[in-house]
Amino acid sequence: MADNRVTFGSKLGILLATVGCAVGLGSIWRFPYMLGTNGGAAFLLVYILFMIFLGIPVMVTEFFIGRYSRSNTVGSFKKLAPGTKWCWIGYNGILAAFLILSYYAVISGWTLEYVWQTLSGNLYASPDVDYGIHFEAFASDVFRPIFWTAFFIGLTHFVVVSGVDKGIERASKIMMPLLFLILIVMCVRSVTLPNSEAGLTYLFKPDFSKLTSSVVLSALGQAFFSLSLGMGCLITYSSYFGKETNMHKTAWEVTIINTVVALLAGIMIFPAVFSFGIAPSAGAELVFITLPNVFEQLPFSNLWSLVFYILLAMAALTSTISLHEVSTAYVLEEFHTTRKKAAWIVSIGVFILGVFSSLSFGLMKEVTINGLTFFEALDYLTAKIMLPLGGMLTCIFVGTRIDKKILKQELTNNGTIRFRLFSIYVFFMKFVAPIAIGIVFLNELGLLRELMKLF
Ligand code: TRP
């Protein structure tokens, strides 16, 4: 379709920007926290299966929609299926982006607090500090975490306003390779700690008795969250792809890099968790309690800690930019306002919601919905319901509404590149993904068990 939208500057830029969007707190903070609260290696196994068999097909499908329609999440469905209700997939996505950003910014803010604490020399000041208690004192405070949340949203706002091609691409190019390096250093330190084998066993030796339906749903949610799928984030990104971008190759590359980062994060965290006697199921604070213990064991603790938390904040930033961009692009294009105004609307809204997530680690800890705090409830609603649902519907949409010839033409760049697995991709996108996601849902809802009783 014709267009005159901005596109990303180069091939590498496209890959790095998309990797920057995918790799973030999802792999480094959320993955270890999910694995720890879901019993270990069995979760990892299911997660990897979901990444390959659902993640990649859904990602290719989103890339197709984005580049073919050259429009934002809602606009793309409106363009491809005018006058239908399919654009609700887009609305679901924009709402998800907005909700995710609101609690993601809180965790991102924590990384800034740790940068600050390292810089001011407070974090490693006394040798016997209990980092769990230390973290608790910070997170349950009212103003400090909210201040950092606001600060982080401000940073995101700044990059989003300065535009797609300059801001996002440049930031990703520098940060990603550096982050990779420091993760490897941390892994080496972690596996050479005393008693670290227990952590590796926990991470890599599956105990299938732990495999409940809620673990499977968590793994599905994590796969979608970590690859930024199911809410049109990658539709928006791929709308900036160039005509010659190889989309299925990009999908593989992004998925592989993302999985490697998550595995490195696991190898960095779990040996240390067991070595220092931290509970793997500590929850959202796991990474923030574990890592200072590891840094303390390294020479030049302050320096490592500083570089690491800065990079983690940057990785988070390349993801918050993507989440912000989804909502901003929508407000911008559908309401015909300026980029600046659109971004302000999003930033202020996200901040207000973020305040509640932040407070749910302290003042509002006791306020629960079905046993979940506000933060946990938002995370559950988005990662485990809205994203997989969005992904499922996106596949059904392309599977039923799009002519296969057009699909193939777009994915092979008008026949100029090969896509050998095209028919396998179509099969997975049309049947396997929607059915598998549907089954996981029904199972979690207990419906499947009821249905089985009928036969
Ligand atoms: N995938 C990112 C991470 O792992 C977070 C993220 C960015 C995201 N954009 C998204 C999650 C869209 C879901 C949907 O940190």
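Bear in mind these aren't lab numbers, they're just calculated from the coordinates by the rules spelled out. Note that this is a predicted model, so its numbers are computed, not measured. Cβ sites come from the backbone with ideal geometry, for glycine too, and all protein chains shown count toward neighbours.
Region 77-96 and region 196-246 have Cα centres separated by 24 Å.
Stretching the chain fully between residue 253 and residue 336 yields a gain of 26.4 nm (0.36 nm per residue, less the alpha carbon separation).
Treating each Cα of region 1-132 as one equal point scatterer and applying the Debye formula with no solvent, the log10 of I(q)/I(0) at q = 0.10, 0.12, 0.19, 0.21 Å⁻¹ comes out as -0.54, -0.74, -1.32, -1.40.
Short to long, the 20 Å bins of the Cα pair-distance histogram for the chain hold 26, 59, 15, 0 percent of all pairs. Take every Cα pair under 8 Å whose residues are at least 6 apart in sequence, average their separation, divide by the length of region 11-454, and the relative contact order is 35 percent. Put one equal scatterer on each alpha carbon of region 353-455, apply the Debye formula with no solvent term, and list log10 I(q)/I(0) at q = 0.11, 0.16, 0.19, 0.25 1/Å to two decimals. Normalising to I(0) and taking log10 leaves -0.58, -0.83, -0.95, -1.22. What percentage of all Cα-Cα pairs in region 86-237 are separated by more than 27 Å? Of all Cα-Cα distances in region 86-237, 46 percent exceed 27 Å. When each of the peptides 131-138, 436-443, 335-342 is scored by how many other beta carbons lie within 10 Å of its residues on average, the order from highest to lowest is 436-443, 131-138, 335-342. Put a plus charge on the Cβ of each Lys and Arg, a minus charge on the Cβ of each Asp and Glu, and nothing anywhere else: the dipole of the chain about its Cα centre is then about 1800 debye. Of the cross-linked pairs 404/453; 79/405; 78/405; 78/408; 85/249, those separated by over 29 Å at the C-alpha level are 404/453; 85/249.
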